[in-house]
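These notes concern the structure reproduced below.
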Amino acid sequence: MHNTVTVVGAGLAGSECALQLAERGVRVRLVEQRPASSSPAHHTDRFAELVCSNSLKSTKPDSAAGILKRELDAMGCRLLAFAREAAVPAGGALAVDRDRFSALVTDAVEGHPLIEVERREATCIPEGPCVIAAGPLCSDALFSAVEAAVGAGHLSFYDAAAPIVDADTIDRGVVFSQSRYEQGTGDYLNCPMNKDEYEAFIDALLGAERVVARDFEQRDLFCACQPVEEVARAGRDAVRFGAMKPVGLTDPRTGHRPWAAVQLRSENASGAAYNLVGFQTNLTWPEQRRVFRMIPGLESAEFLRYGVMHRNSFVDSPHVLDRTFKVPGTQARLAGQICGTEGYVEAIASGLLAALNTYADLIGAAPVELPATGSLGSLAGYATDPATKDYQPMHVNFGIFPPLPAHVRDKAARRAAMAERAAADIDAYIASRPELFCER
């Protein structure tokens, strides 16, 4: 077995990959460019920094995201355990204190005796077995090297992050605590708007100055992270039926449902900071102060972090990588968002899968072929299917799951059946591969 595997990038995918390999007795050289060089979206030099939302999506067992979490637990995922340790209230979702989460990951990686961390920029694909998990914001030099290796033009899309405000500057006389659909125990703060306030807000949003001054085509933007002003361009009520939907909320000042509502989710366990849920934005910082302070309860809000927009690059995975995300003819494998898979937990899962396949290579075992009936297996299948004609970023969803053998008409029953099938199939697969999944 080769002495060392090089992992480039200490984000979600790279950190999970490094820990999984090290726990299997493999020496890992983990190369991370921060703090020597950073990206427009990063703010720290810690590992597994969450640059957009602090939510890792639903924990419902019959949701695609919940099924993925169940699969990762069964496979011994490390970062998902850290996420739960750093969790903050978020109703039916898993959200984390992003500073505590990245600190836990950093401590685990730097403290592992088989992981050597090198703080430098990687400008080429390393020799020997390696995993490139540099993310969609990897350096130009490294991406050029990857592009040269795969022999195809790169693809890209725009992504955005939401602003974060100081909890002490939120007007609690206006903002109220409540979760939609009675999930959780009032885990969100809600800024209610009447119709006139909403209309004035939409006018300001549509007229505000943007950093990237262009109107985007739908394919340019990842659907889950569209800037709120771009959503508003689709129609004046688009935001009110999206991030600002008031369903399930009651304004205690009026006793009625508001016309619209902005929800705030805690950033940390102390509740000292809140992010504006669904308010990813491309507005300039002065315009964010002006427009978002029109939201009732945020008139005096102080911004701890402004929203940003950035361009993400990824490779055309179905046509340039094999079924294990390896560059054909090399010992290099790609993992994370640079492959075009999208989402925090999906990135963690990609790192775990890259570790398993790299380890299988090292010990001469068969590659990992997860059941397509589950979240990770279906996502991996989508991302490596050469029949895909127009490859676009994708997160786990029931649309890429294979249908049940017999159609189940009721939606809830159908999803429950798909979750049960996924659990049975992943458990059977893990039991069939003791060389990869046995206790180490």
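The values are calculated or read from the model by the stated rules, or taken from the named source; none is laboratory data. Being a predicted model, the structure only gives us computed values, none of them experimental. Cβ atoms come from the backbone with ideal geometry, glycine included; neighbour counts cover every protein chain shown. Note: accessible area is taken over every heavy atom of the protein model, side chains too, but ligands, DNA and RNA are not part of it. Shrake-Rupley method; radii C 1.70, N 1.55, O 1.52, S 1.80 Å.
Any residue at all in the range 120-133 that's of a type in the set (A, V, I, L, M), surrounded by fewer than 21 Cβ atoms within 10 Å (Cβ to Cβ) and closer than 27 Å to Ala83 by Cα? No; the residues of the range 120-133 include none that is of a type in the set (A, V, I, L, M), surrounded by fewer than 21 Cβ atoms within 10 Å (Cβ to Cβ) and closer than 27 Å to Ala83 by Cα. Checking each residue of the range 284-297 against the condition of being closer than 30 Å to Tyr382 by Cβ, open to solvent by less than 10 Å² (accessible area, probe 1.4 Å), modelled with pLDDT of 90 or more and not in a strand (DSSP E or B) gives no match. Candidates Asp322, Asp316: the one that is closer than 30 Å to Thr388 by Cα, open to solvent by 10 Å² or more (accessible area, probe 1.4 Å) and over 23 Å from the mean Cα position of the chain (by Cα) is Asp322.
Number of residues in the range 255-268 that are surrounded by fewer than 14 Cβ atoms within 10 Å (Cβ to Cβ) and either in contact with a Cys (Cβ under 8 Å, 6 or more places away or on another chain) or touching a residue at least 12 places away in the same chain (Cβ under 8 Å) (or both): the value is 0.
Please tell me if Ala372 is buried (at least 24 other Cβ atoms within 10 Å of the Cβ) and in contact (Cβ under 8 Å) with a residue 12 or more places away in the chain. Spelling it out, it is not the case that Ala372 is buried (at least 24 other Cβ atoms within 10 Å of the Cβ) and in contact (Cβ under 8 Å) with a residue 12 or more places away in the chain.
Of all residues in the range 411-440, exactly one satisfies the criterion of being loosely packed, with under 15 Cβ neighbours inside 10 Å, in contact (Cβ under 8 Å) with a residue 60 or more places away in the chain and either basic (Lys, Arg) or in contact with a Ser or Thr (Cβ under 6 Å, 6 or more places away or on another chain) (or both), namely Arg440. Exactly one residue out of Ala365, Ala413 is at pLDDT 90 or above and in a loop (DSSP other than H, G, I, E, B): that is Ala365.
Looking only at the range 328-349, count how many residues are in a loop (DSSP other than H, G, I, E, B), open to solvent by less than 10 Å² (accessible area, probe 1.4 Å) and modelled with pLDDT of 90 or more. Count: 1. Open to solvent by less than 40 Å² (accessible area, probe 1.4 Å), modelled with pLDDT of 95 or more, small (Gly, Ala, Ser) and part of a loop (DSSP other than H, G, I, E, B), is that true of Gly76? In short, yes. Restricting attention to the range 3-21, the residues that are touching a residue at least 40 places away in the same chain (Cβ under 8 Å) and surrounded by fewer than 24 Cβ atoms within 10 Å (Cβ to Cβ) add up to 2.
Of the strands (runs of 3 or more DSSP E) lying entirely inside the range 148-194, the ones with 1 or more residues being among the aliphatic types (A, V, I, L, M), touching a Ser or Thr at 6+ places or on another chain (Cβ under 8 Å) and at pLDDT 75 or above are found at 188-193. Within the range 384-410, the set of residues being surrounded by 10 or more Cβ atoms within 10 Å (Cβ to Cβ), hydrophobic (A, V, I, L, M, F, W, C) and not in a helix (DSSP H, G or I) comprises Met394, Val396, Phe401, Leu404, Val408.
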